[in-house]
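First comes the structure, then the notes that go with it.
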Amino acid sequence: MITKIDHVGIAVSDLAEARKFYEEVLGIKVTATEEVSEQKVVTAFLPLGDSELELLVPTAPDSPIARFIEKRGEGIQHIALRVENIEAALQKLKKAGVRLIDEEPRQGAGGARIAFLHPKATGGVLFELCERK
Ligand code: ZN
């Protein structure tokens, strides 16, 4: 059902500042940025081998990422697991009694279809399922 870690989502408050560290210090380049207005967030993707880092910058104070940073500070916000069939994965998890944030897939950055599992059902980790064509 799950084939690999698609990306790790990292909440940052200042994209220019974060890019300095990731690009100049670590040498991992941003290849695309995209605003996901539904989530009030700008995402920046940094491919790294077979997976990616995703920097998440809030665009409004009521963005989920702004609330995350307010509560816990900057840092790892979610881990995205690549699935081949997101509907089948959601159905299987639902059947197993796993609490879901998204019962139906929604549109993520980069044309992906995504759905979040509730961290209360996963031992405190916010997992995103991610299907890419
Ligand atoms: Zn993500």
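All of the numbers you see were taken from the coordinates with simple rules; none came from a lab. What you are looking at is a predicted structure, and each value in this text was computed from that prediction instead of being measured. In this analysis, Cβ positions are derived from the backbone assuming ideal geometry, glycine residues included, and neighbour counts consider all displayed protein chains.
Yes or no, residue by residue, for (1) closer than 23 Å to residue 129 by Cβ; (2) of a type in the set (D, E, K, R); (3) away from the ligand (no atom under 16 Å from the Cβ):
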| site | (1), (2), (3) |
| --- | --- |
| 38 | yes, yes, no |
| 62 | no, yes, yes |
| 80 | yes, no, no |
| 87 | yes, yes, yes |
Quiz item: Before we move on, is residue 44 within 16 Å of the ligand (Cβ to nearest atom), among the aliphatic types (A, V, I, L, M) and free of Cβ contacts under 8 Å to residues at least 40 places away in the same chain?
Solution: yes
Exercise. Only residues that are more than 10 Å from the ligand (Cβ to nearest atom) and within 12 Å of residue 81 (Cβ to Cβ): list them for the range 112-126, please.
Key: 115, 117, 122, 125
Self-check item: Members of the range 105-133 found to be assigned to a helix (DSSP H, G or I), surrounded by 12 or more Cβ atoms within 10 Å (Cβ to Cβ) and either among the small types (Gly, Ala, Ser) or out of contact with any Leu (no Cβ under 6 Å at 6 or more places or on another chain) (or both), listed by number
Solution: 109, 110, 121
